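The values are calculated or read from the model by the stated rules, or taken from the named source; none is laboratory data. On a predicted model such as this, the values are computed, not experimentally measured, just so you know. Cβ: placed from backbone, ideal geometry, glycine included. Neighbour counts: every protein chain shown.
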Amino acid sequence: MPTPAFDWSIAVFARNEAASLAPCLEAIYAGLGGRRATVTLMLNGCTDGSGGVAAALAARAPVPVQVWQIGFADKSNAWNQFIHAVRPAAHHYAFLDAYARVQPGALAALRAALEATPSANAAAAVPSCGRSAAATRDAMLANPALHGSLHALRGDFVERIAARGLRLPVGLYRGDGLLGSMVMHDLDAAANPWDPARIAVAAGASWQVRPLSPLRPADLRRYWNRRIQQARGRLEDAALREAIYRDGFANLPRYADAMLLDWLAGNPPPADRFSRLAVQRLRQPRSPGKAELVACRQVVPAHAMLAEAVPCG
(Lines give C-alpha, C1' and ligand atoms only; values in the text may rest on other atoms or scores of the structure.)
Protein backbone atom coordinates (compact mmCIF):
# COMPACT_ATOMS: atom_id res chain seq x y z
CA MET A 1 0.00 0.00 0.00
CA PRO A 2 1.44 3.43 -0.94
CA THR A 3 2.21 5.96 1.79
CA PRO A 4 -0.91 8.10 2.46
CA ALA A 5 -0.69 11.70 1.32
CA PHE A 6 -2.38 13.01 4.48
CA ASP A 7 -1.60 12.92 8.19
CA TRP A 8 -5.31 13.36 8.99
CA SER A 9 -8.45 12.34 7.13
CA ILE A 10 -11.30 13.99 9.02
CA ALA A 11 -14.93 12.91 8.60
CA VAL A 12 -17.62 15.37 9.72
CA PHE A 13 -21.20 14.06 9.98
CA ALA A 14 -24.09 16.48 9.65
CA ARG A 15 -27.86 16.41 9.48
CA ASN A 16 -29.45 19.85 9.21
CA GLU A 17 -26.46 21.62 10.75
CA ALA A 18 -26.05 24.42 8.20
CA ALA A 19 -25.38 27.00 10.91
CA SER A 20 -22.75 24.81 12.59
CA LEU A 21 -20.64 23.95 9.55
CA ALA A 22 -18.53 27.11 9.44
CA PRO A 23 -17.51 27.16 13.14
CA CYS A 24 -16.90 23.40 13.05
CA LEU A 25 -14.57 23.69 10.07
CA GLU A 26 -12.77 26.77 11.39
CA ALA A 27 -12.01 24.92 14.64
CA ILE A 28 -10.62 21.99 12.65
CA TYR A 29 -8.36 24.24 10.56
CA ALA A 30 -7.10 26.02 13.68
CA GLY A 31 -6.27 22.71 15.34
CA LEU A 32 -4.30 21.07 12.54
CA GLY A 33 -0.99 22.56 13.60
CA GLY A 34 0.46 22.38 10.10
CA ARG A 35 -0.40 18.71 9.61
CA ARG A 36 -1.42 17.62 6.11
CA ALA A 37 -5.15 17.05 6.25
CA THR A 38 -8.29 16.55 4.23
CA VAL A 39 -11.87 16.99 5.44
CA THR A 40 -14.90 15.05 4.21
CA LEU A 41 -18.36 16.44 4.98
CA MET A 42 -20.97 13.65 5.11
CA LEU A 43 -24.35 15.37 4.86
CA ASN A 44 -27.20 12.93 5.48
CA GLY A 45 -30.92 13.66 5.21
CA CYS A 46 -30.39 17.43 5.16
CA THR A 47 -33.33 19.70 4.34
CA ASP A 48 -31.93 23.03 5.59
CA GLY A 49 -29.72 24.04 2.68
CA SER A 50 -26.60 22.47 4.18
CA GLY A 51 -25.39 21.42 0.73
CA GLY A 52 -25.09 24.97 -0.55
CA VAL A 53 -23.48 26.20 2.66
CA ALA A 54 -20.99 23.32 2.61
CA ALA A 55 -20.12 23.90 -1.04
CA ALA A 56 -19.37 27.58 -0.40
CA LEU A 57 -17.19 26.71 2.59
CA ALA A 58 -15.33 24.01 0.65
CA ALA A 59 -14.57 26.43 -2.17
CA ARG A 60 -12.53 28.69 0.11
CA ALA A 61 -11.11 26.11 2.54
CA PRO A 62 -7.35 26.12 3.31
CA VAL A 63 -7.23 22.29 3.06
CA PRO A 64 -8.97 19.91 0.63
CA VAL A 65 -12.65 19.57 1.56
CA GLN A 66 -15.08 17.18 -0.11
CA VAL A 67 -18.85 17.42 0.28
CA TRP A 68 -21.03 14.32 0.01
CA GLN A 69 -24.81 14.17 0.26
CA ILE A 70 -26.88 11.14 1.27
CA GLY A 71 -30.67 11.08 1.06
CA PHE A 72 -31.22 8.89 4.12
CA ALA A 73 -30.86 10.60 7.50
CA ASP A 74 -28.60 8.17 9.33
CA LYS A 75 -25.08 8.60 10.72
CA SER A 76 -24.31 4.85 10.72
CA ASN A 77 -24.99 4.58 7.00
CA ALA A 78 -22.97 7.76 6.43
CA TRP A 79 -20.09 6.14 8.36
CA ASN A 80 -20.31 3.07 6.12
CA GLN A 81 -20.24 5.26 3.04
CA PHE A 82 -17.19 7.14 4.30
CA ILE A 83 -15.22 4.01 5.18
CA HIS A 84 -16.04 1.95 2.10
CA ALA A 85 -16.68 4.44 -0.70
CA VAL A 86 -15.30 7.95 -0.26
CA ARG A 87 -12.53 8.23 2.36
CA PRO A 88 -9.16 9.73 1.43
CA ALA A 89 -6.39 7.54 2.88
CA ALA A 90 -4.40 8.92 5.82
CA HIS A 91 -2.16 7.90 8.70
CA HIS A 92 -4.91 8.81 11.18
CA TYR A 93 -8.67 9.37 10.92
CA ALA A 94 -10.77 11.70 13.06
CA PHE A 95 -14.56 11.50 13.29
CA LEU A 96 -16.77 14.25 14.68
CA ASP A 97 -20.27 15.65 14.58
CA ALA A 98 -20.82 18.94 12.81
CA TYR A 99 -22.43 20.56 15.85
CA ALA A 100 -19.16 20.06 17.77
CA ARG A 101 -16.12 22.31 17.68
CA VAL A 102 -12.79 20.69 18.46
CA GLN A 103 -10.94 22.51 21.20
CA PRO A 104 -7.40 23.84 20.60
CA GLY A 105 -4.89 21.02 20.83
CA ALA A 106 -7.49 18.25 20.56
CA LEU A 107 -6.23 16.74 17.31
CA ALA A 108 -2.64 16.89 18.51
CA ALA A 109 -3.66 15.18 21.78
CA LEU A 110 -5.46 12.40 19.91
CA ARG A 111 -2.44 11.84 17.69
CA ALA A 112 -0.07 11.84 20.67
CA ALA A 113 -2.26 9.31 22.49
CA LEU A 114 -2.06 6.91 19.54
CA GLU A 115 1.69 7.38 19.16
CA ALA A 116 2.26 6.81 22.88
CA THR A 117 0.10 3.67 22.99
CA PRO A 118 1.18 1.21 20.27
CA SER A 119 -1.49 -1.28 21.39
CA ALA A 120 -4.31 1.21 20.77
CA ASN A 121 -6.46 1.09 17.65
CA ALA A 122 -8.31 4.25 18.65
CA ALA A 123 -8.00 7.42 20.71
CA ALA A 124 -10.96 8.88 22.57
CA ALA A 125 -11.63 12.53 23.33
CA VAL A 126 -13.48 13.43 26.53
CA PRO A 127 -16.38 15.88 26.99
CA SER A 128 -15.74 19.19 28.73
CA CYS A 129 -19.13 20.90 28.61
CA GLY A 130 -22.57 19.95 29.89
CA ARG A 131 -23.83 18.90 33.31
CA SER A 132 -22.66 15.30 32.94
CA ALA A 133 -19.29 16.11 31.35
CA ALA A 134 -17.18 15.61 34.49
CA ALA A 135 -18.81 12.30 35.36
CA THR A 136 -18.53 11.05 31.78
CA ARG A 137 -14.89 12.09 31.62
CA ASP A 138 -14.08 10.23 34.85
CA ALA A 139 -15.94 7.14 33.62
CA MET A 140 -14.06 7.16 30.31
CA LEU A 141 -10.69 7.48 32.05
CA ALA A 142 -11.55 4.52 34.30
CA ASN A 143 -13.21 2.44 31.56
CA PRO A 144 -12.07 3.56 28.08
CA ALA A 145 -14.80 4.06 25.49
CA LEU A 146 -15.38 6.06 22.32
CA HIS A 147 -17.58 9.16 22.33
CA GLY A 148 -19.37 9.75 19.05
CA SER A 149 -18.77 13.51 19.07
CA LEU A 150 -15.00 13.18 18.61
CA HIS A 151 -12.56 10.27 18.39
CA ALA A 152 -9.72 9.03 16.19
CA LEU A 153 -8.78 5.71 14.59
CA ARG A 154 -5.36 4.54 13.53
CA GLY A 155 -5.02 4.38 9.74
CA ASP A 156 -4.10 0.71 9.52
CA PHE A 157 -7.09 -0.18 11.70
CA VAL A 158 -9.41 1.61 9.27
CA GLU A 159 -7.76 -0.27 6.40
CA ARG A 160 -8.49 -3.56 8.14
CA ILE A 161 -12.14 -2.60 8.70
CA ALA A 162 -12.47 -1.84 4.99
CA ALA A 163 -10.62 -5.00 3.91
CA ARG A 164 -12.99 -7.16 5.97
CA GLY A 165 -16.07 -5.35 4.70
CA LEU A 166 -17.30 -4.52 8.20
CA ARG A 167 -20.28 -2.17 8.43
CA LEU A 168 -22.56 -0.67 11.04
CA PRO A 169 -26.19 -1.75 10.72
CA VAL A 170 -28.11 0.93 8.85
CA GLY A 171 -30.22 2.94 11.28
CA LEU A 172 -28.10 2.10 14.33
CA TYR A 173 -28.18 4.92 16.90
CA ARG A 174 -25.35 3.65 19.12
CA GLY A 175 -22.77 3.36 16.36
CA ASP A 176 -19.92 4.57 18.56
CA GLY A 177 -20.64 1.73 21.01
CA LEU A 178 -20.42 -0.89 18.27
CA LEU A 179 -17.26 0.69 16.87
CA GLY A 180 -15.79 0.68 20.38
CA SER A 181 -16.50 -3.04 20.60
CA MET A 182 -14.73 -3.60 17.26
CA VAL A 183 -11.76 -1.68 18.64
CA MET A 184 -11.66 -3.55 21.97
CA HIS A 185 -11.86 -6.96 20.27
CA ASP A 186 -9.50 -5.97 17.45
CA LEU A 187 -12.26 -6.87 14.95
CA ASP A 188 -12.70 -10.46 16.16
CA ALA A 189 -14.84 -11.06 19.27
CA ALA A 190 -14.29 -14.83 19.15
CA ALA A 191 -10.50 -14.80 18.92
CA ASN A 192 -9.55 -11.64 20.82
CA PRO A 193 -10.58 -10.90 24.42
CA TRP A 194 -12.02 -7.49 25.30
CA ASP A 195 -8.98 -5.27 25.93
CA PRO A 196 -9.44 -1.66 27.16
CA ALA A 197 -5.80 -0.95 26.25
CA ARG A 198 -6.89 -0.83 22.62
CA ILE A 199 -8.49 2.59 23.29
CA ALA A 200 -6.18 5.39 24.45
CA VAL A 201 -8.14 8.10 26.25
CA ALA A 202 -6.70 11.52 25.46
CA ALA A 203 -7.56 13.64 28.49
CA GLY A 204 -6.33 16.75 26.66
CA ALA A 205 -8.68 16.28 23.71
CA SER A 206 -12.20 17.67 23.88
CA TRP A 207 -14.86 19.59 22.00
CA GLN A 208 -17.46 22.26 22.62
CA VAL A 209 -21.16 22.32 21.73
CA ARG A 210 -23.84 24.95 22.11
CA PRO A 211 -25.80 24.00 25.23
CA LEU A 212 -29.50 23.23 24.79
CA SER A 213 -31.86 25.85 26.18
CA PRO A 214 -35.36 25.23 27.59
CA LEU A 215 -36.31 28.57 26.05
CA ARG A 216 -35.79 27.30 22.50
CA PRO A 217 -38.61 25.07 21.21
CA ALA A 218 -36.21 23.41 18.74
CA ASP A 219 -33.85 22.54 21.61
CA LEU A 220 -36.70 21.07 23.63
CA ARG A 221 -37.65 18.85 20.69
CA ARG A 222 -34.02 17.85 20.27
CA TYR A 223 -33.75 16.95 23.95
CA TRP A 224 -36.99 14.91 23.86
CA ASN A 225 -35.86 13.03 20.76
CA ARG A 226 -32.45 12.40 22.34
CA ARG A 227 -34.09 10.78 25.38
CA ILE A 228 -36.06 8.44 23.11
CA GLN A 229 -32.98 7.63 21.06
CA GLN A 230 -30.95 6.95 24.20
CA ALA A 231 -33.61 4.44 25.29
CA ARG A 232 -33.37 2.85 21.85
CA GLY A 233 -29.59 2.75 22.28
CA ARG A 234 -29.92 0.67 25.43
CA LEU A 235 -32.04 -1.85 23.50
CA GLU A 236 -29.45 -1.84 20.71
CA ASP A 237 -26.66 -2.60 23.20
CA ALA A 238 -28.49 -5.71 24.42
CA ALA A 239 -29.33 -6.93 20.91
CA LEU A 240 -25.82 -6.26 19.59
CA ARG A 241 -24.19 -8.06 22.50
CA GLU A 242 -26.02 -11.24 21.53
CA ALA A 243 -25.36 -10.83 17.81
CA ILE A 244 -21.65 -10.05 18.15
CA TYR A 245 -20.77 -13.04 20.31
CA ARG A 246 -23.02 -15.39 18.37
CA ASP A 247 -22.27 -14.37 14.77
CA GLY A 248 -19.27 -12.02 14.80
CA PHE A 249 -18.87 -8.50 13.45
CA ALA A 250 -18.88 -9.63 9.81
CA ASN A 251 -22.37 -11.13 10.10
CA LEU A 252 -24.26 -8.36 11.85
CA PRO A 253 -27.73 -7.61 10.43
CA ARG A 254 -27.78 -5.03 7.67
CA TYR A 255 -30.62 -3.02 9.24
CA ALA A 256 -30.81 -2.08 12.92
CA ASP A 257 -34.63 -1.86 13.02
CA ALA A 258 -35.00 -5.46 11.86
CA MET A 259 -32.36 -6.58 14.37
CA LEU A 260 -34.23 -4.90 17.23
CA LEU A 261 -37.62 -6.25 16.22
CA ASP A 262 -36.18 -9.77 16.13
CA TRP A 263 -34.59 -9.28 19.54
CA LEU A 264 -37.78 -7.85 21.05
CA ALA A 265 -39.71 -10.91 19.92
CA GLY A 266 -37.94 -12.87 22.65
CA ASN A 267 -36.99 -10.15 25.13
CA PRO A 268 -39.48 -7.81 26.81
CA PRO A 269 -38.23 -4.20 26.80
CA PRO A 270 -38.04 -2.05 29.95
CA ALA A 271 -41.33 -0.47 30.96
CA ASP A 272 -40.11 3.11 31.34
CA ARG A 273 -41.73 5.85 29.26
CA PHE A 274 -38.89 6.47 26.83
CA SER A 275 -38.34 2.78 26.15
CA ARG A 276 -42.04 2.46 25.29
CA LEU A 277 -41.75 5.41 22.91
CA ALA A 278 -38.64 3.90 21.33
CA VAL A 279 -40.48 0.63 20.72
CA GLN A 280 -43.45 2.51 19.24
CA ARG A 281 -41.11 4.08 16.71
CA LEU A 282 -39.75 0.65 15.85
CA ARG A 283 -43.23 -0.51 14.91
CA GLN A 284 -43.00 1.99 12.04
CA PRO A 285 -39.55 1.06 10.69
CA ARG A 286 -37.88 3.16 8.04
CA SER A 287 -37.28 1.35 4.76
CA PRO A 288 -34.78 3.32 2.68
CA GLY A 289 -34.29 2.50 -0.96
CA LYS A 290 -30.80 1.66 -2.14
CA ALA A 291 -30.41 5.02 -3.89
CA GLU A 292 -31.14 6.84 -0.61
CA LEU A 293 -28.15 5.16 1.04
CA VAL A 294 -25.57 6.12 -1.59
CA ALA A 295 -23.26 9.10 -1.14
CA CYS A 296 -23.24 11.64 -3.99
CA ARG A 297 -20.34 14.06 -4.30
CA GLN A 298 -21.01 17.70 -4.91
CA VAL A 299 -18.82 19.13 -7.63
CA VAL A 300 -18.99 22.91 -7.52
CA PRO A 301 -17.68 24.71 -10.60
CA ALA A 302 -17.96 28.47 -10.81
CA HIS A 303 -21.26 28.44 -12.69
CA ALA A 304 -23.26 25.56 -11.22
CA MET A 305 -23.60 22.79 -8.66
CA LEU A 306 -23.60 19.21 -9.98
CA ALA A 307 -23.87 15.83 -8.27
CA GLU A 308 -21.79 12.79 -9.08
CA ALA A 309 -23.18 9.50 -7.77
CA VAL A 310 -20.72 7.02 -6.35
CA PRO A 311 -22.13 3.56 -5.60
CA CYS A 312 -21.41 1.79 -2.34
CA GLY A 313 -22.36 -1.85 -1.94
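Regarding residue 247, is this residue among the acidic types (Asp, Glu), loosely packed, with under 14 Cβ neighbours inside 10 Å and over 17 Å from residue 176 (Cα atoms)?
Considered against the rule, which asks whether it is among the acidic types (Asp, Glu), loosely packed, with under 14 Cβ neighbours inside 10 Å and over 17 Å from residue 176 (Cα atoms), residue 247 comes out as yes.
Taking the stated definitions as given, is residue 136 among the polar types (S, T, N, Q) and surrounded by fewer than 17 Cβ atoms within 10 Å (Cβ to Cβ)?
The answer is yes for residue 136.
From 23, 64, which residue is out of contact with any helix residue (DSSP H, G or I) (no Cβ under 8 Å at 6 or more places or on another chain), within 17 Å of residue 101 (Cα to Cα) and not β-branched (Val, Ile, Thr)?
Within the list 23, 64, the selection yields 23.
This table checks each residue for (1) in the same structural domain as residue 105 (by TED's automatic domain parsing); (2) surrounded by 23 or more Cβ atoms within 10 Å (Cβ to Cβ); (3) in contact with a Leu (Cβ under 9 Å, 6 or more places away or on another chain).
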residue	(1), (2), (3)
10	yes, yes, yes
13	yes, yes, yes
21	yes, no, yes
33	yes, no, yes
41	yes, yes, yes
48	yes, no, no
65	yes, no, yes
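Does at least one position in the stretch 199-221 carry a residue that is touching a residue at least 12 places away in the same chain (Cβ under 8 Å), outside the structural domain of residue 76 (by TED's automatic domain parsing) and part of a helix (DSSP H, G or I)?
No: zero hits.
Need at least 2 residues that are in the same structural domain as residue 42 (by TED's automatic domain parsing) and in contact with a Pro (Cβ under 6 Å, 6 or more places away or on another chain) per element, so show me which strands (runs of 3 or more DSSP E) inside the stretch 70-161 make the cut, counting only ones lying wholly within it.
90-97
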